[in-house]
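The values are calculated or read from the model by the stated rules, or taken from the named source; none is laboratory data. Everything numeric here is computed off the predicted structure, so don't read it as measured data. Using ideal geometry, Cβ is built from the backbone for each residue, glycine included, and neighbour counts are taken over all protein chains shown.
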């Protein structure tokens, strides 16, 4: 099965104002995915395109009504006073290297088709440290973007992340540069072990500052509250001989999930 695209909007009569693409696919801590999903809900975004591929996992997702649908990604349109947002979100990234390249080429093709002038990919930056203050690290495909992003509180550290950026969040920047589209990857710091709505809220705030838009974050606040309760249940505190507090690992993989 080749990459399959199903359109839900009339593309020929679609007029966009200052179009910006936001990419938030599953990754470390689901940080980017949570932001993208929240934007879609909060801004009442409309689905434009369904994307299915043989490079996605061979599975279906079970919906609330117990019916199933193929694993896939989707492109949504959300209109704001400052810009029209094309939001790429969904269920999965590619399961193989070739798929990452072909799908990212497809995503950049959409950006070109709709005359996108900027792209922001969203992800998580794993620190392995619990209870640290969250911040956002950036990487760009055009050095001229850095000063403006620094003004919005995005941190840029030499050669960081040290291992590079794996997956769509990084590849899209390189593909966008080939099309002369400015792009930045914004990474919220996270432990890297669990879904992290707290990091997502920080990342959402930075993104809204960059785009000069306001988005209600109440739904993320509720997710943060729920996740804090889950973490408290998982933690079994132990006081060591040095007086420090340590935490035992959960009993099973089902208790604590790592999103790579």
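Mind telling me which of the residues 98, 111 ends up being part of a helix (DSSP H, G or I), touching a strand residue (DSSP E or B) at 6+ places or on another chain (Cβ under 7 Å) and over 26 Å from residue 197 (Cβ atoms)?
111
Could you tell me which residue of segment 211-220 is farthest from residue 198 (Cα to Cα), considering only residues that are in contact with a helix residue (DSSP H, G or I) (Cβ under 7 Å, 6 or more places away or on another chain) and in a helix (DSSP H, G or I)?
The extreme case among them is 219.
Can you tell me which condition residue 133 does not meet? The list is (1) exposed (fewer than 12 other Cβ atoms within 10 Å of the Cβ); (2) farther than 22 Å from residue 38 by Cβ, and all the others hold.
(2)
Among 172, 119, which is within 16 Å of the chain's Cα centre (by Cα), assigned to a helix (DSSP H, G or I) and touching a residue at least 60 places away in the same chain (Cβ under 8 Å)?
172 is the lone residue from the list that is within 16 Å of the chain's Cα centre (by Cα), assigned to a helix (DSSP H, G or I) and touching a residue at least 60 places away in the same chain (Cβ under 8 Å).
On the basis of being in a loop (DSSP other than H, G, I, E, B), surrounded by 17 or more Cβ atoms within 10 Å (Cβ to Cβ) and at negative phi, does residue 157 make the cut?
no
Listed here are the residues, each with its yes/no results for (1) farther than 21 Å from residue 170 by Cβ; (2) crowded, with 16+ Cβ neighbours inside 10 Å.
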position: 72; (1), (2): yes, yes
position: 76; (1), (2): yes, yes
position: 79; (1), (2): yes, no
position: 82; (1), (2): yes, no
position: 86; (1), (2): no, yes
position: 93; (1), (2): no, yes
position: 98; (1), (2): no, no
position: 110; (1), (2): no, yes
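Here's a check for you: in segment 195-245, which residue that is exposed (fewer than 11 other Cβ atoms within 10 Å of the Cβ) and in contact with a strand residue (DSSP E or B) (Cβ under 9 Å, 6 or more places away or on another chain) is modelled with the highest pLDDT?
245
Among 23, 28, which is under 27 Å from residue 211 (Cα atoms), modelled with pLDDT under 95, surrounded by 13 or more Cβ atoms within 10 Å (Cβ to Cβ) and touching a strand residue (DSSP E or B) at 6+ places or on another chain (Cβ under 6 Å)?
After applying the criteria, what remains is 28.
Return the residues of segment 45-81 that are assigned to a loop (DSSP other than H, G, I, E, B) and under 18 Å from the mean Cα position of the chain (by Cα); say none if nothing qualifies.
Scanning segment 45-81 gives 45, 56, 71, 72.
Kindly list the number of the only condition in (1) out of contact with any strand residue (DSSP E or B) (no Cβ under 9 Å at 6 or more places or on another chain); (2) part of a strand (DSSP E or B) that fails for residue 137.
It fails just one condition, (1).
Could you look through segment 176-194, keep only residues that are crowded, with 21+ Cβ neighbours inside 10 Å and farther than 27 Å from residue 128 by Cβ, and pick out the one that is nearest to the chain's Cα centre (by Cα)?
Here the answer is 183.
Being at pLDDT below 95, touching a helix residue (DSSP H, G or I) at 6+ places or on another chain (Cβ under 8 Å), outside any helix (DSSP H, G or I) and closer than 22 Å to residue 108 by Cβ is true for just one of 192, 164. Which residue is that?
Unique residue meeting the criteria: 164.
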